[in-house]
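The values are calculated or read from the model by the stated rules, or taken from the named source; none is laboratory data. Predicted, not measured: the structure shown is a model, and the values here were computed from it. Every residue, glycine as well, gets a Cβ built from its backbone with ideal geometry; the counts of neighbours run over all protein chains shown. Heads up: the accessible areas ignore ligands, DNA and RNA and are worked out on the full protein's heavy atoms, side chains in. Shrake-Rupley method; radii C 1.70, N 1.55, O 1.52, S 1.80 Å.
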Amino acid sequence: MKKHYSGTWDSVRTHEVPDWYEDCKFGIFIHWGLYSVPAYAPRTWELGEVPGDETWFCNNPYAEWYYNSVNVGQGPSYEHHKKVYGEDFAYENFADMWKAEKWDPDEWAELFKEAGAGYVVLVTKHHDGFCLFPSEYTDYNSVKRGPKRDITGELTRAVRNQGMRMGTYYSGIIDWRFANDPIYREEDNFDNACPTAAYADYAYMQSKELIDRYEPSVFWNDIGWPRQGVNALPGLLSHYYNTVEEGVVNDRFNGLYHDYTTKEYKYGESTRDEKWEMCRGMGLSFGYNAEEGDDKIISVPEFIRLLVETVSNNGNLLINIGPKADGTIPQEQVKRLKQIGKWLKVNGEGIYGTRCSKRENELREDVDLFYTRKEDDLFVFADVKEKLPQEIFIKGAKAPEGVIALDENVELTYRTEQEGVYLNILKNESGFRMAGVRIPGGE
Ligand SMILES: CC(=O)NC[C@H]1N[C@@H](C)[C@@H](O)[C@@H](O)[C@@H]1O
């Protein structure tokens, strides 16, 4: 019997995180839009490393913030824009320069599947207000301009054809087509936002368009929700859950409600006792930044470690790709998706469908240990750094049926004592630093 949500906060708050979201652990975020044309930002810091004031907003490493980074009238992006396009070149001109001429949604979906992702979240309207779907409420969209395609619709079909779930990102409170005073500090995200009921209605109606057209499994709102529209939120979220029974939303609705909490680089907190999601780009930006080449983005070992550490702490990893304006994915990003897919092909049994072990992760001199569990099997992921670790002691673990290296290229011995299991990794020729081990009955 399908549950019905009645448009009140009390009703909405009875919603539970669906098992699919708990089980699939790994998603692909996609920031693609007008900002992919200039594809420029200075390489400065990770979000959360410096205060959210002029330091950050006038040297913003997020290439998708290009409009504001020029609009602040100072800093690297402003200088870059003057030099490359000229001071009077309007950002809207990018809407007719973005052609996506080489875009093949099926090729993207096949790559995401190969990477081992279970869901995809596409930015359908970022802060610049340009919509990647045929909205009835603005012609500033990808069907009327630029690619002249329903990007969201085509990718949704391709992603679902590969058996993955499709999510939509929407920039709720910020839309620089309605309010475009420059943002110099974090509080400006709210203080400079369009305060009108008309914009709140616009955000509501566009969100309803996305829900009704695409029935996204994830409704990923960003930064906040229009203050004038907060009273309509229980109705919108009830409509979402009534339309998409296994739908799930994040925590960026002015702190009013969430299914799961979010972290972004070093920004945000997470605890093991509720579901959360880590999102970040492969470099310092979400939108494609032509300044970020292979040597400037996350390495494969770091990427795998980030996934394992996130999952072991009750999180999902939503890793971002920033496609080029022509619709191709930069080779350095493709390479990393394929590599993590290769690792997951072998080690995925210790990731997908697992839950938090009661064991805390252990960062040691010679090896870092991360734990997950599935029924009564314990999975141990050992980040085998430069040299093979000394004996690894898993306190309190029993191994009634033995210990199994997930990758046949990882050779180990073990012995079970009263106080626990002692592992010895003798050889790791898996090609990956993170070696996975299953201890049946290991708790
Ligand atoms: C913590 C926060 O509010 N981040 C906003 C940030 N989210 C990223 C996923 C990107 O879309 C950024 O462009 C956006 O400003």
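The numbered conditions (1) farther than 30 Å from GLY353 by Cβ; (2) of a type in the set (D, E, K, R); (3) crowded, with 18+ Cβ neighbours inside 10 Å are all true for GLU87 except (3).
Condition first: in contact (Cβ under 8 Å) with a residue 12 or more places away in the chain, open to solvent by 50 Å² or more (accessible area, probe 1.4 Å) and more than 23 Å from SER142 (Cβ to Cβ). Now tell me which residues in segment 63-81 satisfy that. Listed by number, the list holds a single entry, GLN74. When restricted to residues that are within 16 Å of the ligand (Cβ to nearest atom) and either more than 26 Å from the chain's Cα centre (by Cα) or open to solvent by 40 Å² or more (accessible area, probe 1.4 Å) (or both), segment 195-224 contains 1.
Condition check ((1) modelled with pLDDT under 95; (2) at positive phi; (3) aromatic (Phe, Trp, Tyr); (4) surrounded by fewer than 20 Cβ atoms within 10 Å (Cβ to Cβ)) across all residues:
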position: GLU269; (1), (2), (3), (4): yes, no, no, yes
position: MET278; (1), (2), (3), (4): no, no, no, no
position: GLN331; (1), (2), (3), (4): no, no, no, yes
position: VAL334; (1), (2), (3), (4): no, no, no, yes
position: ILE340; (1), (2), (3), (4): no, no, no, no
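Taking segment 249-266 as the range and being open to solvent by 40 Å² or more (accessible area, probe 1.4 Å) and either in contact with a Pro (Cβ under 9 Å, 6 or more places away or on another chain) or more than 11 Å from the ligand (Cβ to nearest atom) (or both) as the test, the residues that pass are ASN254, GLY255, LEU256, HIS258.
Has segment 399-414 got any residue that is of a type in the set (Asp, Glu), farther than 28 Å from ASP19 by Cβ and open to solvent by less than 60 Å² (accessible area, probe 1.4 Å)? I'd like the intermediate steps shown before the answer.
Pass one, segment 399-414, residues of a type in the set (Asp, Glu): 401, 407-408, 411.
From what's left, farther than 28 Å from ASP19 by Cβ: 408, 411.
Filter once more, so that each one left must be open to solvent by less than 60 Å² (accessible area, probe 1.4 Å): none.
No, there is no match, as no residue in segment 399-414 is of a type in the set (Asp, Glu), farther than 28 Å from ASP19 by Cβ and open to solvent by less than 60 Å² (accessible area, probe 1.4 Å).
The rows are residues; the columns are (1) within 16 Å of the ligand (Cβ to nearest atom); (2) surrounded by fewer than 18 Cβ atoms within 10 Å (Cβ to Cβ).
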site	(1), (2)
GLY27	yes, no
ARG43	yes, yes
PRO61	yes, no
LYS83	no, yes
TRP98	no, no
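Regarding GLU291, is this residue in contact with a Lys or Arg (Cβ under 6 Å, 6 or more places away or on another chain), open to solvent by 10 Å² or more (accessible area, probe 1.4 Å) and assigned by TED's automatic domain parsing to the domain that holds PRO195? Yes: the conditions hold for GLU291. GLU187 fulfils the conditions (1) open to solvent by less than 20 Å² (accessible area, probe 1.4 Å); (2) over 24 Å from ASP10 (Cα atoms); (3) within 14 Å of the ligand (Cβ to nearest atom); (4) not β-branched (Val, Ile, Thr) except for a single criterion, (1). In segment 375-436, counting only strands (runs of 3 or more DSSP E) that sit wholly within it, the ones holding 2 or more residues that are within 23 Å of GLU309 (Cβ to Cβ) and within 34 Å of the chain's Cα centre (by Cα) span 377-384, 392-395, 420-428.
In this structure, is GLU246 at pLDDT 95 or above, within 16 Å of the ligand (Cβ to nearest atom) and within 30 Å of THR310 (Cβ to Cβ)? Before the answer, list the steps.
Working: at pLDDT 95 or above: yes; within 16 Å of the ligand (Cβ to nearest atom): no; within 30 Å of THR310 (Cβ to Cβ): yes.
So GLU246 does not fit the description; no.
For segment 197-209, does any single residue satisfy the condition of being outside any helix (DSSP H, G or I) and touching a Gly at 6+ places or on another chain (Cβ under 7 Å)? The answer is no, given that none of the residues of segment 197-209 is outside any helix (DSSP H, G or I) and touching a Gly at 6+ places or on another chain (Cβ under 7 Å).
Being farther than 24 Å from ASN409 by Cα and in contact with a His (Cβ under 9 Å, 6 or more places away or on another chain) is the requirement here; does PRO330 meet it? The answer is no for PRO330.
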